[in-house]
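The values are calculated or read from the model by the stated rules, or taken from the named source; none is laboratory data. This structure is a prediction, so every number in the text was calculated from the model and none was measured. Counting neighbours? That spans all protein chains shown, and the Cβs are built from the backbone with ideal geometry, glycine included.
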Amino acid sequence: MATKVSAKKDEDEVSSLGLSDEQLKDILSKLKLCRYLDERMEALYRQGRLPGAIYSGRGQEGTHVGVAYALRKDDSLFPTHRDLSAQLTKGLDLKRVMAQYWGRIDGYLRGRDGNSHIGDWDGNRTFAVISHLPIAYPIACGAALAYKLRGEPRVAMGICGDGSTSNGRWHEALNTSAIHQLPVVWVVTTTSSRIPRRTRSSSACRRSPSAPRGTGCPACGSTRRTCSTYTASRTRRSSGRGPAAGRR
Ligand SMILES: Cc1ncc(C[n+]2csc(CCOP(=O)(O)OP(=O)(O)O)c2C)c(N)n1
Ligand SMILES: [Mg+2]
(Lines give C-alpha, C1' and ligand atoms only; values in the text may rest on other atoms or scores of the structure.)
(Ligands and ions follow the chains in the order given, each with its own letter.)
Protein backbone atom coordinates (compact mmCIF):
# COMPACT_ATOMS: atom_id res chain seq x y z
CA MET A 1 0.00 0.00 0.00
CA ALA A 2 2.74 2.39 1.04
CA THR A 3 4.58 1.59 -2.19
CA LYS A 4 1.46 2.29 -4.24
CA VAL A 5 0.95 5.63 -2.53
CA SER A 6 4.54 6.68 -3.04
CA ALA A 7 4.52 5.49 -6.69
CA LYS A 8 1.42 7.65 -7.24
CA LYS A 9 3.16 10.57 -5.56
CA ASP A 10 6.18 10.09 -7.83
CA GLU A 11 3.95 9.97 -10.90
CA ASP A 12 2.17 13.16 -9.85
CA GLU A 13 5.48 14.89 -9.27
CA VAL A 14 6.79 13.86 -12.67
CA SER A 15 3.65 15.02 -14.48
CA SER A 16 3.72 18.35 -12.62
CA LEU A 17 7.10 19.09 -14.23
CA GLY A 18 5.43 19.79 -17.54
CA LEU A 19 8.19 17.99 -19.47
CA SER A 20 7.61 15.94 -22.59
CA ASP A 21 8.27 12.20 -22.68
CA GLU A 22 11.36 12.93 -24.75
CA GLN A 23 12.70 15.32 -22.12
CA LEU A 24 12.01 12.85 -19.31
CA LYS A 25 13.85 10.13 -21.23
CA ASP A 26 16.68 12.58 -21.80
CA ILE A 27 16.94 13.22 -18.05
CA LEU A 28 16.94 9.48 -17.33
CA SER A 29 19.62 8.80 -19.92
CA LYS A 30 21.76 11.62 -18.50
CA LEU A 31 21.40 10.16 -14.99
CA LYS A 32 22.45 6.73 -16.23
CA LEU A 33 25.30 8.07 -18.33
CA CYS A 34 26.72 10.13 -15.46
CA ARG A 35 26.58 7.21 -13.01
CA TYR A 36 28.11 4.80 -15.51
CA LEU A 37 30.85 7.27 -16.42
CA ASP A 38 31.69 7.87 -12.78
CA GLU A 39 32.01 4.14 -12.06
CA ARG A 40 34.00 3.52 -15.23
CA MET A 41 36.44 6.34 -14.54
CA GLU A 42 37.03 5.11 -11.02
CA ALA A 43 37.71 1.59 -12.33
CA LEU A 44 40.19 2.92 -14.91
CA TYR A 45 41.85 5.07 -12.28
CA ARG A 46 42.25 2.17 -9.88
CA GLN A 47 43.71 0.06 -12.69
CA GLY A 48 46.30 2.77 -13.27
CA ARG A 49 44.92 3.47 -16.74
CA LEU A 50 43.68 6.99 -16.07
CA PRO A 51 46.34 9.57 -15.12
CA GLY A 52 45.96 12.56 -12.81
CA ALA A 53 43.12 12.83 -10.35
CA ILE A 54 39.46 11.94 -10.30
CA TYR A 55 36.79 13.27 -7.97
CA SER A 56 33.74 11.10 -7.84
CA GLY A 57 30.33 12.74 -7.81
CA ARG A 58 28.57 9.42 -7.30
CA GLY A 59 25.27 9.80 -5.53
CA GLN A 60 25.00 13.47 -6.52
CA GLU A 61 23.86 12.92 -10.10
CA GLY A 62 20.24 13.40 -9.09
CA THR A 63 20.99 16.90 -7.90
CA HIS A 64 23.43 17.82 -10.66
CA VAL A 65 21.28 16.67 -13.55
CA GLY A 66 18.17 18.22 -12.01
CA VAL A 67 19.60 21.69 -11.37
CA ALA A 68 21.56 21.89 -14.64
CA TYR A 69 18.67 20.65 -16.78
CA ALA A 70 16.79 23.83 -15.93
CA LEU A 71 19.58 26.01 -17.34
CA ARG A 72 19.47 27.43 -20.84
CA LYS A 73 22.41 27.34 -23.21
CA ASP A 74 23.48 30.92 -22.55
CA ASP A 75 23.17 30.65 -18.74
CA SER A 76 26.52 30.10 -17.06
CA LEU A 77 27.64 27.33 -14.76
CA PHE A 78 30.41 27.60 -12.15
CA PRO A 79 31.11 24.08 -10.87
CA THR A 80 33.60 22.64 -8.41
CA HIS A 81 35.43 19.32 -8.42
CA ARG A 82 32.58 16.78 -8.16
CA ASP A 83 30.15 18.38 -10.59
CA LEU A 84 30.93 16.70 -13.91
CA SER A 85 27.34 15.44 -14.15
CA ALA A 86 26.08 19.03 -14.09
CA GLN A 87 28.63 20.03 -16.72
CA LEU A 88 27.63 17.16 -19.00
CA THR A 89 23.98 18.08 -18.52
CA LYS A 90 24.79 21.66 -19.45
CA GLY A 91 26.18 20.34 -22.70
CA LEU A 92 29.85 19.37 -22.49
CA ASP A 93 30.80 16.84 -25.13
CA LEU A 94 31.61 13.44 -23.62
CA LYS A 95 34.42 12.67 -26.10
CA ARG A 96 36.15 15.96 -25.40
CA VAL A 97 35.75 15.40 -21.66
CA MET A 98 37.46 12.04 -21.99
CA ALA A 99 40.20 13.54 -24.16
CA GLN A 100 40.71 16.13 -21.43
CA TYR A 101 41.15 13.40 -18.80
CA TRP A 102 43.96 11.89 -20.83
CA GLY A 103 45.59 15.29 -21.40
CA ARG A 104 45.00 15.19 -25.14
CA ILE A 105 45.00 18.16 -27.47
CA ASP A 106 41.37 17.55 -28.39
CA GLY A 107 40.37 17.94 -24.72
CA TYR A 108 38.73 21.17 -23.58
CA LEU A 109 41.94 22.69 -22.22
CA ARG A 110 44.12 21.16 -24.93
CA GLY A 111 46.21 19.20 -22.43
CA ARG A 112 47.49 22.36 -20.77
CA ASP A 113 45.91 22.05 -17.33
CA GLY A 114 44.99 19.46 -14.72
CA ASN A 115 42.70 16.79 -16.12
CA SER A 116 39.73 17.58 -13.88
CA HIS A 117 39.90 21.32 -14.64
CA ILE A 118 37.19 20.98 -17.23
CA GLY A 119 35.19 23.82 -18.72
CA ASP A 120 34.09 25.38 -21.99
CA TRP A 121 33.35 29.03 -21.37
CA ASP A 122 33.26 30.13 -25.01
CA GLY A 123 31.36 27.05 -26.12
CA ASN A 124 28.58 26.60 -23.60
CA ARG A 125 29.30 28.94 -20.69
CA THR A 126 30.69 26.27 -18.39
CA PHE A 127 33.45 27.90 -16.39
CA ALA A 128 36.49 25.62 -15.95
CA VAL A 129 36.81 24.07 -12.50
CA ILE A 130 39.63 26.07 -10.93
CA SER A 131 39.44 24.86 -7.34
CA HIS A 132 37.69 22.50 -4.95
CA LEU A 133 36.56 25.61 -3.17
CA PRO A 134 34.16 28.28 -4.49
CA ILE A 135 36.98 30.53 -5.71
CA ALA A 136 35.02 31.22 -8.90
CA TYR A 137 31.87 32.41 -7.12
CA PRO A 138 32.86 36.09 -7.21
CA ILE A 139 33.30 35.63 -10.98
CA ALA A 140 29.81 34.15 -11.13
CA CYS A 141 28.59 37.34 -9.44
CA GLY A 142 30.38 39.35 -12.13
CA ALA A 143 28.71 37.35 -14.90
CA ALA A 144 25.31 37.75 -13.23
CA LEU A 145 25.85 41.49 -12.77
CA ALA A 146 26.59 41.78 -16.50
CA TYR A 147 23.36 39.92 -17.34
CA LYS A 148 21.42 42.21 -15.04
CA LEU A 149 22.94 45.45 -16.35
CA ARG A 150 22.38 44.39 -19.94
CA GLY A 151 18.83 43.34 -19.19
CA GLU A 152 19.48 39.81 -20.43
CA PRO A 153 17.24 37.02 -19.08
CA ARG A 154 20.19 34.83 -18.11
CA VAL A 155 21.39 33.38 -14.82
CA ALA A 156 24.66 32.15 -13.32
CA MET A 157 24.67 28.97 -11.25
CA GLY A 158 27.37 27.98 -8.76
CA ILE A 159 27.70 24.48 -7.28
CA CYS A 160 29.92 23.44 -4.39
CA GLY A 161 30.19 21.00 -1.51
CA ASP A 162 29.10 21.65 2.06
CA GLY A 163 32.68 22.09 3.30
CA SER A 164 33.07 25.00 0.90
CA THR A 165 30.46 26.98 2.78
CA SER A 166 33.11 27.67 5.43
CA ASN A 167 35.18 29.49 2.81
CA GLY A 168 35.17 33.29 2.79
CA ARG A 169 34.54 33.57 -0.97
CA TRP A 170 31.28 31.70 -0.55
CA HIS A 171 30.01 34.19 2.02
CA GLU A 172 31.22 37.18 0.02
CA ALA A 173 29.55 35.90 -3.13
CA LEU A 174 26.23 35.18 -1.42
CA ASN A 175 26.31 38.55 0.28
CA THR A 176 27.14 40.40 -2.94
CA SER A 177 24.47 38.57 -4.89
CA ALA A 178 21.85 39.39 -2.27
CA ILE A 179 22.80 43.07 -2.03
CA HIS A 180 22.65 43.56 -5.81
CA GLN A 181 19.78 41.10 -6.33
CA LEU A 182 21.80 39.24 -8.94
CA PRO A 183 20.28 36.50 -11.09
CA VAL A 184 22.16 33.59 -9.54
CA VAL A 185 21.31 30.17 -8.15
CA TRP A 186 23.71 28.77 -5.55
CA VAL A 187 23.64 25.01 -5.09
CA VAL A 188 25.29 23.22 -2.16
CA THR A 189 25.66 19.45 -2.15
CA THR A 190 25.97 17.83 1.23
CA THR A 191 28.93 15.54 0.76
CA SER A 192 29.48 14.39 4.30
CA SER A 193 30.60 10.97 3.15
CA ARG A 194 33.54 12.52 1.35
CA ILE A 195 36.89 13.63 2.64
CA PRO A 196 37.31 15.99 4.36
CA ARG A 197 34.06 15.88 6.23
CA ARG A 198 32.39 19.00 7.44
CA THR A 199 33.07 18.76 11.15
CA ARG A 200 32.99 20.91 14.24
CA SER A 201 36.49 21.95 13.32
CA SER A 202 35.20 23.63 10.14
CA SER A 203 31.80 24.90 11.31
CA ALA A 204 29.84 25.22 14.53
CA CYS A 205 26.55 24.91 12.65
CA ARG A 206 24.72 21.65 13.22
CA ARG A 207 23.07 21.65 9.85
CA SER A 208 24.90 22.77 6.78
CA PRO A 209 24.77 25.23 5.31
CA SER A 210 22.74 27.60 7.41
CA ALA A 211 24.49 30.65 6.01
CA PRO A 212 21.72 31.71 3.55
CA ARG A 213 19.77 32.90 6.57
CA GLY A 214 22.53 35.36 7.35
CA THR A 215 23.05 36.59 3.81
CA GLY A 216 19.58 37.47 2.68
CA CYS A 217 19.52 34.75 0.01
CA PRO A 218 16.27 32.81 0.28
CA ALA A 219 16.77 29.05 0.57
CA CYS A 220 14.71 27.40 -2.11
CA GLY A 221 14.83 23.74 -1.31
CA SER A 222 16.62 20.90 0.35
CA THR A 223 16.38 17.71 -1.61
CA ARG A 224 18.31 15.22 -3.67
CA ARG A 225 15.40 14.16 -5.87
CA THR A 226 15.98 15.05 -9.50
CA CYS A 227 12.39 16.22 -10.05
CA SER A 228 12.54 18.52 -7.04
CA THR A 229 15.97 19.96 -7.80
CA TYR A 230 14.86 20.58 -11.39
CA THR A 231 11.69 22.33 -10.23
CA ALA A 232 13.53 24.47 -7.66
CA SER A 233 16.18 25.41 -10.20
CA ARG A 234 13.66 26.19 -12.96
CA THR A 235 11.47 28.24 -10.63
CA ARG A 236 14.38 30.37 -9.54
CA ARG A 237 15.73 30.57 -13.05
CA SER A 238 12.56 32.04 -14.42
CA SER A 239 11.59 34.14 -11.40
CA GLY A 240 13.81 37.04 -12.45
CA ARG A 241 14.15 37.86 -8.76
CA GLY A 242 17.56 37.98 -7.08
CA PRO A 243 19.60 35.06 -5.82
CA ALA A 244 18.55 31.80 -4.19
CA ALA A 245 20.46 29.13 -2.37
CA GLY A 246 19.45 25.50 -2.33
CA ARG A 247 21.03 22.47 -0.80
CA ARG A 248 20.44 18.78 -0.91
C1 LIG B 1 42.54 27.32 -1.47
C2 LIG B 1 42.38 25.88 -1.05
N3 LIG B 1 42.45 25.56 0.28
C4 LIG B 1 42.28 24.27 0.67
C5 LIG B 1 42.08 23.28 -0.25
C6 LIG B 1 41.96 21.84 0.21
N7 LIG B 1 40.63 21.30 0.02
C8 LIG B 1 40.36 20.44 -0.98
S9 LIG B 1 38.77 19.93 -0.97
C10 LIG B 1 38.41 20.85 0.41
C11 LIG B 1 37.07 20.87 1.06
C12 LIG B 1 36.00 20.48 0.13
O13 LIG B 1 34.89 20.10 0.88
P14 LIG B 1 33.49 20.14 0.19
O15 LIG B 1 33.24 21.49 -0.38
O16 LIG B 1 32.48 19.64 1.17
O17 LIG B 1 33.66 19.14 -1.02
P18 LIG B 1 33.67 17.54 -0.97
O19 LIG B 1 35.05 17.14 -1.41
O20 LIG B 1 33.31 17.07 0.39
O21 LIG B 1 32.66 17.16 -2.00
C22 LIG B 1 39.54 21.53 0.85
C23 LIG B 1 39.57 22.41 2.04
C24 LIG B 1 42.02 23.66 -1.62
N25 LIG B 1 41.82 22.79 -2.58
N26 LIG B 1 42.19 24.96 -1.99
MG1 LIG C 1 31.78 17.79 1.69
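What to note about this one:
- Residue among Gly114, Gly107 that is surrounded by fewer than 23 Cβ atoms within 10 Å (Cβ to Cβ) and away from ligand 1 (no atom under 16 Å from the Cβ): Gly107
- Hits in region 226-236 - residues which are of a type in the set (D, E, K, R) and under 14 Å from the mean Cα position of the chain (by Cα): Arg234
- Scanning region 54-66 for residues that are within 15 Å of Thr191 (Cβ to Cβ) and surrounded by 21 or more Cβ atoms within 10 Å (Cβ to Cβ) yields Gly57, Gln60, Glu61, Gly62, Thr63, His64.
- Among the numbered conditions (1) in a loop (DSSP other than H, G, I, E, B); (2) within 16 Å of ligand 1 (Cβ to nearest atom); (3) at pLDDT 95 or above, the only one that His81 does not meet is (3).
- For region 231-245, residues that are crowded, with 24+ Cβ neighbours inside 10 Å and modelled with pLDDT under 80 total 4.
- Test result for Leu92, outside any helix (DSSP H, G or I) and either acidic (Asp, Glu) or at pLDDT 95 or above (or both): yes
- Residue in region 20-34 that is among the acidic types (Asp, Glu), loosely packed, with under 11 Cβ neighbours inside 10 Å and over 23 Å from the mean Cα position of the chain (by Cα) present: yes
- Among the residues here, Leu50 qualifies as touching a helix residue (DSSP H, G or I) at 6+ places or on another chain (Cβ under 8 Å) and not β-branched (Val, Ile, Thr).
- Number of positions in region 148-161 that are touching a strand residue (DSSP E or B) at 6+ places or on another chain (Cβ under 7 Å) and either over 25 Å from Ser85 (Cα atoms) or away from ligand 1 (no atom under 15 Å from the Cβ) (or both): 3
- Matching entry among Ser29, Ser20 (being under 28 Å from Arg154 (Cα atoms), among the hydroxyl-bearing types (Ser, Thr, Tyr) and modelled with pLDDT of 95 or more): Ser29
- Residues (surrounded by fewer than 15 Cβ atoms within 10 Å (Cβ to Cβ) and at pLDDT 90 or above) located in region 166-222: Gly168, Ile179, Gln181
- Residue in region 153-164 that is surrounded by 17 or more Cβ atoms within 10 Å (Cβ to Cβ) and assigned to a loop (DSSP other than H, G, I, E, B) present: yes
- Residues satisfying the stated conditions in region 77-97, i.e. surrounded by 18 or more Cβ atoms within 10 Å (Cβ to Cβ) and hydrophobic (A, V, I, L, M, F, W, C): Leu77, Phe78, Leu84, Ala86, Leu88, Leu92, Val97
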